[in-house]
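Here the structure comes first, spelled out in structure tokens, and everything after it is commentary.
The values are calculated or read from the model by the stated rules, or taken from the named source; none is laboratory data. Computed from a predicted model, the values in this text were never measured in an experiment. We place every Cβ from the backbone using ideal geometry, glycine too, and count neighbours over all the protein chains shown. Areas reflect the complete protein model, heavy atoms only, side chains present, ligands, DNA and RNA absent. Shrake-Rupley method; radii C 1.70, N 1.55, O 1.52, S 1.80 Å.
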Amino acid sequence: MKTTRRNLVIGGLVSGLAIPGCAKAASDPEDAFKDSEWRDLSADAWKERLDPLAYKVLRKEGTERAFTSPLNDEKREGVFVCAGCELELFKSEWKFDSGTGWPSFYTFIEGALGEKTDLRLWTPRREYHCARCLGHQGHVFDDWPDVPTGLRYCNNGVALKFIPT
């Protein structure tokens, strides 16, 4: 793209958009894992560890098709962990059926997720990822009044593993 005054102004406006909860906090959860060996894995190493769809979602911020994950219907007690590094992200009691076709949770395990602003669509969205390996998990929306937090952490099932208790 050609650099023009107009593009610089528009870029500055877009980068200055504020979405509550999306600014990096002084004690960002990602900082706790900054020296993790998971941060040093190469793309080839990730491709060896993950199947192609999990790689596309976790490492390239892709999205699986709705209603394709068996975890969408998972109802047992247990914990949902990152499919990349197995960091515990969500407890099963926080899962609810949002009807969207993706596993949904109303909160997460403290310190397990990092966030950033996703500007790839027409409107800014809150993207969240595993704080340890930085693997993309999904997006969080504040559109669910029937749960305690009002939040819907809409997760790609392929980005999770379930460990029953």
Work through the residues other than Phe162 whose Cβ is under 9 Å from its Cβ and net out their charges, Lys, Arg +1 and Asp, Glu -1.
-> +1
Taking the simple approach of a point 7 Å from Cα along Cα-to-Cβ for both Lys161 and Glu37, what is their distance in nm?
-> 1.5
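Taking a quarter of the surface of the convex hull around the Cα atoms of segment 57-165, what do you get in nm²? The partial results should precede the final answer.
Numbers: hull surface 25.5 nm².
Reported value for the Cα convex hull: 6.4 nm².
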Cβ-defined net charge surrounding Phe96, 14 Å radius [Lys, Arg +1; Asp, Glu -1] = -2
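Sorted by mean Cβ packing within 10 Å, highest first, what order do the peptides 59-66, 141-148 take? Write out the running numbers ahead of the final one.
Details: 59-66: 14.9, 141-148: 11.8.
Put in order of decreasing packing, that is 59-66, 141-148.
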Accessible carbon and sulfur surface of segment 75-165 relative to its total accessible area, %, 1.4 Å = 52
